[in-house]
1. What FRET efficiency would be calculated for the residue pair Arg294, Leu232, taking the C-beta separation as r and a Förster radius of 30 Å, to the nearest 0.05?
2. Where Lys and Arg each count +1 and Asp and Glu each count -1, what net charge lies around Phe112 among other residues with Cβ under 13 Å from its Cβ?
3. Out of every Cα-Cα pair in segment 149-199, what percent are more than 15 Å apart?
4. Which net charge results when you count Lys and Arg as +1 and Asp and Glu as -1 among the other residues whose beta-carbon is under 14 Å from that of Val171?
5. Which shape class applies to segment 145-299: rounded if a/c is under 1.5, otherwise prolate when a/b exceeds b/c and oblate if not, where a ≥ b ≥ c are the square roots of the Cα gyration tensor eigenvalues?
6. Sort largest first and round to whole Å: the equivalent ellipsoid semi-axes of segment 233-299, each the square root of five times a Cα gyration tensor eigenvalue.
7. Please rank Asp268, Asp218, Asp158, Asp93, fewest neighbouring Cβ atoms within 10 Å first, as an exposure proxy.
8. About its Cα centre, what dipole magnitude does the chain give when the only charges are +1 on Lys and Arg Cβ and -1 on Asp and Glu Cβ, stated in debye to the nearest 20?
Amino acid sequence: MLSASTDVAANGAASAASAASAASAAPAAPAPAAVLPAVLGERDPDYIRRSLPLTWPLIASWFRPDIRGLDRIPARGPVLLVGNHSGGNVAPDTLAFTLGFYRHFGAERPFFQLAHHLVMRVPWLWLLHKYGTIEATPQNAQAALERGAAVLIYPGGDWEVHRPSWHGHRVEFHGREGFVRLALAAHVPIVPVVSIGGQETALFLTRGERLARALGLDRRFRLKVLPISLALPWGLDVGDFLGHIALPAKITIQVLEPIDLHERFGPDPDVDAVYEAITGLMQRTLEQLAAERRFPVIG
């Protein structure tokens, strides 16, 4: 749930979509349960049921989430949830949506969130695994969909989640089309998930992409940014590696109708055309949500 920011977070990192883009080959036959990645088995429905009555009130009181249209997500079967992403490595939109999903569908509905590999290696974030956060790899994404799960992916990843605050009302996937290829390969619908408010939880100054390039972070850690922000409790926060205390900005999330790519775009969809159509739809929805907000943070 931490952002794919430094992705799912990672909500730390290199984007979840860049990992998914390699899944463009024709779908393999469903893998036997015995050979599915072990990480999928770390999701713990019993733990989710026990902890949700505690975690949801905390998130609800701080971010006042308004999650609309959850009933548009298919109640069963595989589906790719494609979201825009905000709030740095804390990623309140991911936290709110994940908890809201489980409140609506229950802990038994298989649900996984893709996150950058660095997030998955942070010891104190082990509880995310129990909620279904998995490393963003083509194998994990494909295996989760083959299991009939809903899979949440943030194509913008680190690039979007650390965008400057004055880009808060923009969908910035940075041309990452991997989510389209993944949906086509797995023969699953796409459900766009549009959120607003996360980029008001701190003052995000710059992605620091030039600094990240100069330090070789992409080559070493698959990080394309080294963000700089003003955030509690650090003041000047470089990298957001330890996260920050998010301001209590109101989070609004709008779930859109499922999109069957073959039904909408024909038997051989053009990836570029699908990407432009979906990001355009999400941008228009984000602008509508922005028009509803009266004041930053307050909502």
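1. That gives a FRET efficiency of 0.80.
2. Net local charge, Phe112 excluded: 0.
3. 51 percent
4. On the way: positive: Arg163, Arg170, Arg176, Arg284; negative: Asp93, Glu160, Glu172, Glu177, Glu276, Glu287.
Summing Lys/Arg as +1 and Asp/Glu as -1 gives -2.
5. Details: a/c = 2.25, a/b = 1.43, b/c = 1.57.
Note, shape of segment 145-299 comes out oblate.
6. Ellipsoid semi-axes (Å, largest first): 35, 18, 10.
7. By the 10 Å Cβ count, ascending, the order reads Asp268, Asp218, Asp93, Asp158.
8. So the dipole magnitude of the chain works out to roughly 580 debye.
Any read-out appearing in this document is the output of simple, stated calculations on the displayed coordinates, not a laboratory observation. This structure is a prediction, so every number in the text was calculated from the model and none was measured. Every residue, glycine among them, receives a Cβ derived from its backbone with ideal geometry; neighbour counts consider all protein chains shown.
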